[in-house]
Amino acid sequence: MNYTADELAPAVRGILDSAAERDGGEGRLTIDPRSLPEAFAAAESEGRVPIIAEVKPTSPTTEGTNRNDPVDLAKAMVEGGAAALSVLTEPDHFGGSVENLERIRAAVDVPVLRKDFLLREAHLDAVESDVILLIARFLGDDLEPMLRAAEDRGFQPLVEVHTEDELDAAVDAGASIIGINNRDLGQLEVDLATFEELAPQVPDDVTLIAESGVSTVEDVQRMGEAGADGLLIGTAIMDGDPQTNTERFTRSETQ
């Protein structure tokens, strides 16, 4: 691991404790993924901003729980122009489940990212998805083995970073998709300047995603100008009508 307990907000410590206790899948998965870079390219060719819209029932940084059918939410986001979807499968703090992901992936034709706190190889085998999240901060020296294990199964790993050291580790591990999280997962504070500071250090052949803190059209444009190939947006899409909100962000370059 790449952290000590006193560096983390209590909510984050609780999430990691729960993740460490969760079992993985019963057998090794083999994935035939839908390509995330190709989905981004298709969105751009149609004049849309490549957005990963997130189905997130709740989280430690939001109030209340969205009790709408996750499949209905996902379909609305795709109808609104989302290039891909992110689905929370963490059950205890985000209200997610692998069953939600299975249902959503069966109902849409865009790539689906499994967003969770995966700490060991067995966690990869819990459910099929196209993209899988690996958080550099919480994997530490296990990042490269986890990335290789995910790729061997056919997943497209999205390696999430927040600092220059984490970015260096992701590049050294051979990550082809990197997400720069504007939220410090230690203390849950958000600063869009994080992406702007780190993006110039990302190799040109890496698909680069801006995560967290994007809540306005101006934020989308700001991240695009800083070098984002795509953006992951959760709360700002879930808070209200997901189709209308997704349309607002995916069409922001023409506004």
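The values are calculated or read from the model by the stated rules, or taken from the named source; none is laboratory data. What you see is a predicted model; the values in this text were computed from it and never measured. Cβ placement follows ideal geometry from the backbone for every residue including glycine, while neighbour counts extend to all protein chains displayed. Side chains are part of the model used for accessible areas, which takes the heavy atoms of the whole protein and leaves out ligands, DNA and RNA. Shrake-Rupley method; radii C 1.70, N 1.55, O 1.52, S 1.80 Å.
A few notes on this one:
- The residues on offer are ARG148, ARG183, and the sole one that is under 27 Å from GLU38 (Cβ atoms), open to solvent by 10 Å² or more (accessible area, probe 1.4 Å) and among the charged types (D, E, K, R) is ARG148.
For (1) out of contact with any helix residue (DSSP H, G or I) (no Cβ under 8 Å at 6 or more places or on another chain); (2) more than 22 Å from SER215 (Cα to Cα); (3) of a type in the set (Lys, Arg), each residue gets a yes or a no:
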| residue | (1), (2), (3) |
| --- | --- |
| ASP17 | yes, yes, no |
| GLY27 | no, yes, no |
| THR30 | no, yes, no |
| VAL55 | no, no, no |
| ALA107 | no, yes, no |
| ARG120 | no, yes, yes |
| VAL127 | no, yes, no |
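- Scan of the stretch 124-145 for residues that are in contact with a Gly (Cβ under 8 Å, 6 or more places away or on another chain), open to solvent by less than 10 Å² (accessible area, probe 1.4 Å) and assigned to a helix (DSSP H, G or I), ordered by number: LEU124
- Count of the stretch 1-56 residues which are within 30 Å of GLY81 (Cα to Cα), open to solvent by 20 Å² or more (accessible area, probe 1.4 Å) and modelled with pLDDT under 95: 1
- Within the option set GLY154, GLY186, being on the phi > 0 side of the Ramachandran plot and of a type outside the set (D, E, K, R) holds for one residue only, GLY154.
- Qualifying positions in the stretch 225-236 - modelled with pLDDT of 95 or more and open to solvent by less than 40 Å² (accessible area, probe 1.4 Å): ALA226, GLY227, ALA228, GLY230, LEU231, LEU232, ILE233
- VAL214 falls short on exactly one of the conditions (1) within 17 Å of the chain's Cα centre (by Cα); (2) without any contact (Cβ under 8 Å) to a residue 40 or more places away in the chain; (3) surrounded by fewer than 20 Cβ atoms within 10 Å (Cβ to Cβ), and that condition is (3).
- Residue within the stretch 129-148 that is over 25 Å from ALA82 (Cα atoms) and of a type in the set (Val, Ile, Thr) present: no
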